[in-house]
Amino acid sequence: MSGNLLLRTAIAVEHDVFVVRQRGREVAAAVGLESQDQIRVATALSEVGRQMFALLGAVVVTFDADSEHGDMLLVSATAQAPTDRAVLDALAAEVAGAHRLMGTWRVYESGGRVTIAMGRQLPPGAPSWTPARVEELRTALERLAPGRPVEEFVLQNQELLTSLAEVQSQRDELLRLNAELAETNRGVLALYNELSDELEATNRGVVALYAELDQKSAQLRDASEAKSRFLANVSHELRAPVTAILGLLRLITDPASEPLTEEQRTQLGLIEDSARDMLARVNELLDLAKAESGRLEPSPADVDLHAVFGALRGTMPSLVDRPELDVVVEEPAGLPVLHTDEVMLVQVLRNLMTNGIKFTPRGEVRLAARYAGGDTVDLVVSDTGIGIPPEEHRRVFEEFYQIRGAAQAAVVGTGLGLPYARRLATLLGGELTLTSTVGAGSTFTVTVPLRLRPPHGDA
Ligand code: ADP
């Protein structure tokens, strides 16, 4: 340790305490301690020095560069050990305040002498203890002229004033912070009030919006009902004259009537085709209008799916006179008994299969039934036809909507088939969904409950 000795001094007479204090501050400053720490070292040392001198007599003070636990200035005060332990205890009590000022504090006895060693760590920026540094400090400190007690006293006063000013500024800072806090509180309160007002205004807006929404949906419902009524009326009105035309045609072409020329017969045949076509469409319109107006109610009963599929297998392929198109109706297998409205179900399937046949130039149209788990069954109509682009998937279920493209140009229709099929699927308590890839084909899936509950709840 002595190899790291920076300075040695002593208290031989009372006023040396001031000198030692001054040295403490100077050494602390020289090794790079900050001004607060310089005051701590000087104050602790002068306290310890004064008390030791009073209780034990002459005191030797050393300053060492210690680096046992990081770089630290070690200040030791050594005096003759007392024979009476009570004196040591009294000393310990007197220097308790000084103890608090220093980071490291050790009291030990050796060779009949007692030492109080106090340490203060160097701050991060200070030069570290290299032999060269220690040597340089030692030389610089040796040159210090012993100061006069009055100077140290004046300095001590200044330090006191600085500390007081610091306390004052800390109090001012506290007051400022308090004021700021009060201000913030007021701000928060104002913000809260503003937000409450805004929330209330927003609430009022939402209420008004809902009222408007209710009104709009009532208007929409009225409009939709008016449209259904209109469709029903128009189709009903159209049906009578078309039926009359067909009746008259039958009369004219009756073998019992006036004979017709071949030309007349051909033309009447064309009229009849058109009239039948028209009747079919008027009927479609009427069906849809009925389904929409809620006048169509399903009557559930046990359905023999084998028989239904058998009938479709008998009729659907006959609609196709193209060898390059197959219509396949699979055998429904492993299905629980279905309890639903058979007429509606057949209408939906027939509709989907007719579409499949219309929009599939070659390949196949296939009908299959699959148990979908839970209480539902899937009836699937798939084809290898022209397909439906994704952006049309929603619109094809709108009334009168038809895709207008080169691929669809050759096909006739009304745009009522799919909306009607979806309507019926809904009435059966299920849904109709579509997946499709352009050029590869479409798959329409009717998912219906195994047991359709009658509309009025009686099982
Ligand atoms: P349409 O009487 O025209 O068949 P739909 O409502 O049944 O009326 O169908 C609407 C449109 O959806 C059709 O015009 C057609 O463009 C398209 N579409 C329906 N089914 C298929 C299908 N299986 N493959 C390709 N396009 C289809």
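Of the Cα atoms belonging to region 53-108, the radius of gyration and Dmax stand at 12.7, 36 Å.
Assigning unit charges at the beta carbon (Lys, Arg +1; Asp, Glu -1) and nothing else, what dipole magnitude in debye, to the nearest 20, does the chain show about its Cα centre?
Working: 44 positive and 64 negative charges, 101 e Å.
Dipole about the Cα centre, nearest 20: 480 debye.
Per the Debye formula on identical point scatterers at the alpha carbon atoms of region 301-457, with no solvent, log10 I(q)/I(0) at q = 0.10, 0.11, 0.18, 0.20 Å⁻¹ is -0.34, -0.42, -1.11, -1.33. Fewest neighbouring Cβ atoms within 10 Å first, the residues ASP273, ASP37 line up as ASP273, ASP37.
For the chain, return all DSSP H helices satisfying: extent of Cα atoms along own axis at least 20 Å; mean Kyte-Doolittle hydropathy at least -1.0. In the chain, the long hydrophobic H runs are 16-31, 35-56, 149-253, 262-293, 342-358. Here region 151-292 is treated as a sphere whose radius is the Kirkwood value from Cα pairs; by Stokes-Einstein at 4 °C and 1.567 mPa s it diffuses with a coefficient of 52 µm²/s. Please list the non-local residues whose amide H lies under 5 Å from the amide H of VAL438, H modeled 1.01 Å from N, same-chain partners needing a gap of 5 or more. HN-HN under 5 Å from VAL438: ILE388. Calculate, in whole percent, how much of the Cα-Cα pair population of region 283-330 lies beyond 18 Å. Across region 283-330, Cα pairs with separations above 18 Å total 58 percent.
Computed over the alpha-carbon pairs of the chain, the distance histogram in 10 Å steps reads 4, 13, 14, 10, 6, 4, 3, 3, 5, 10, 12, 9, 4, 2, 1, 0, 0 percent, short to long.
Give, rounded to the nearest 20 debye, the magnitude of the charge dipole that region 326-383 has about its Cα centre when Lys and Arg contribute +1 at Cβ and Asp and Glu contribute -1 at Cβ. The partial results should precede the final answer.
Working: 5 positive and 9 negative charges, 49 e Å.
So the dipole magnitude of region 326-383 works out to roughly 240 debye.
Note on region 364-412: Rg/Rh from Cα positions, Kirkwood definition for Rh, rounded to two decimals, is 1.08. For ARG451, nonlocal amide neighbours, meaning residues 5 or more places apart or on other chains whose placed amide H falls under 5 Å from its own, are HIS339. Toward the positive end of the charge dipole of the chain, with +1 on the Cβ of Lys and Arg and -1 on the Cβ of Asp and Glu, the farthest Cα among GLY205, PHE400, VAL448 is that of GLY205.
Throw me the Rg/Rh for region 229-381, computed over C-alpha atoms with Kirkwood Rh, two decimals.
Working: Rg = 20.0 Å, Rh = 18.7 Å.
Value, to two decimals: 1.07.
Counting other Cβ atoms within 10 Å as a rough exposure proxy, the listed residues HIS15, HIS69 run HIS69, HIS15 from fewest neighbours to most.
For MET118, MET344, the sequence from fewest to most other C-beta atoms within 10 Å is MET344, MET118.
Using every Cα-Cα pair within region 5-147, state what percent have a distance larger than 24 Å.
Pairs farther apart than 24 Å: 26 percent.
Counting every pair of alpha carbons in region 271-356, the share spaced more than 20 Å apart comes to 50 percent.
Any read-out appearing in this document is the output of simple, stated calculations on the displayed coordinates, not a laboratory observation. Bear in mind that the values here come from a model prediction, so they are computed numbers and not experimental data. So basically every Cβ, Gly included, is an ideal-geometry build from the backbone, and we count neighbours across all protein chains shown.
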